[in-house]
Every structure is written in C-alpha cells, then in structure tokens.
Amino acid sequence: MGTASRLLLLLLLLHNLLLLLPPGAFGFAPSLDSDFTFALPAGRKECFFQPMRHGASLEVEYQVLDGAGLDVDFYLESPKGEILIFHQRKSDGVHTVETEDGDYMFCFDNTFSTISEKVIFFELILDNMGEEQQEDWKKYITGTDLLDMKLEDILESINNVKARLSKSLQIQTLLRAFEARDRNIQESNFDTVNFWSMVNLGVMVVVSAVQVYMLKSLFEDKRKSRT
C-alpha cells in the first residue's frame, strides 16, 4: 500500500470516527486562558475567586498599566486560607502554583494610596483542568494497528499546535499590555513636560518685565526743576 493510499485511508477513518463520537468524547489537553482589565480606586481592594481541581496548575500574571507609582499589593490565598504569595508595591508579576480542590482567591490592594487610581491588567492560565477526558475517545477506535501513523500521534501534534497557538496569543496579549502601560507613561511625561514648560515660560516673561522696569527706572531723571 502506497503512502497516498495510507493517507487517504487515514483521512476516511478520521472522518468516520468523528461521525461516531458523541459530543465531548474527543478531547484535547485542556488549557484555559482568560484576561481582564479593571480600574482599582484609591483606598480600595479587589479580590477574585477561581475554582480549581487537584493536580491542576494556576498561573496569574498581572501588570499595573496606569496610576501614580505603577504599583499595587498582590496576594494569592489557597482554599485553606493560607497565603501562598504576597508582594508589596509591585508593578508586575508572574506566579504559578500547583492546586488542590477548592476556590483560590487573589487580591489587588490599593489601600496604601489615598489619591491615585490604578488600572490593572491580569491574565489567568489554567492547565490540566480535565485530563480524565483525554482517553475517552480511544474506546471508539478499532482497527488502527495496521496504520503507520496512529491517532495518538495526530492528537499529540494537534495538542502541540494548540499549545503553541495559546502561547502566541498569551504573548500578544502581554505585548498589548506593555504597549498600553508605555503609552500611559509617555502621555504622563508629555503632560508633565508641557506643564513645566509653561511654568518656565511664565517665569521668563515675569523676569523680563522686571528687568525692563528696573533698567528704565535707572535712567529716569528724578530731580525736580525749580522755577
């Protein structure tokens, strides 16, 4: 049997397999990504909860995009109430923990600031959230021992492509967050430069007026003429 015939047979087998599988039987390695941007007012704290399962992985990455100092307090708490991670006055961070069953809480604290509001971006990456479904599809497969290319190899390749695409999407999201933070810094610097330029211009005008007045007063004849 030639290579083209084997490939055609494999494609027909995959087509028939997809028609026979019930919904949800053909699963890939689950990796869930989500991101969120929010404004944290001065003197406030915001907390978020994420349900996790035993043996999974939780990765939290955050950045302060805008606000005086570009810093915030961050901590991650386990379902048992233990503080796993605590950072003070940080502008960004990446943290990964192996999880157990229960709700994990992570908080952003801006109570140390009395004036400045912070704009915060964070991203969650959840891995291994349902691995028990990965092997369900194998019980529907028969007669594949004669094929050189097995369905396990195809699934592994698809999972690798999916993981790389997810990583690319994550990097693009982070780059957009960095761009937003840099743009906010540039706009803040632009406003500061304009303000102090106007102050310097005003000082120069006042000094020039004072100098002209003083020079003019030096040449005035203050003697009174007698008649």
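Laboratory data are not the source of any read-out in this text; all were calculated from the coordinates shown. Quick caveat, the model's predicted, so the values are computed rather than measured. Ideal geometry is used to build each Cβ from the backbone, glycine not excepted, and the neighbour counts take in all protein chains shown.
For R44, enumerate residues with amide H under 5 Å from its amide H, sequence gap 5+ or separate chain, H modeled in the peptide plane.
The answer is N110, T111.
Step through the residues of the stretch 45-59 one at a time and calculate ³J(HN,Hα) from phi using the Karplus curve (6.51 cos²θ - 1.76 cosθ + 1.60, θ = phi - 60°), rounding each to whole Hz and writing x for Gly and Pro.
9, 10, 10, 10, 10, 10, x, 10, 10, 5, x, 8, 10, 10, 10
From the phi of every residue in the stretch 186-196, what ³J(HN,Hα) in whole Hz does the Karplus formula 6.51 cos²θ - 1.76 cosθ + 1.60 yield, where θ is phi - 60° and glycine or proline is x?
5, 5, 5, 5, 4, 5, 5, 4, 5, 4, 5
Of the peptides 191-203, 39-51, how do they stack up when ordered by the mean number of other Cβ atoms within 10 Å, highest first?
39-51, 191-203
Per residue of the stretch 108-121, what does 6.51 cos²θ - 1.76 cosθ + 1.60 with θ = phi - 60° give for ³J(HN,Hα)? Whole Hz please, x for Gly and Pro, Karplus curve as stated.
Once θ is set to phi - 60°, the couplings for the stretch 108-121 become 10, 10, 10, 6, 6, 9, 9, 10, 7, 8, 10, 9, 10, 10 Hz.
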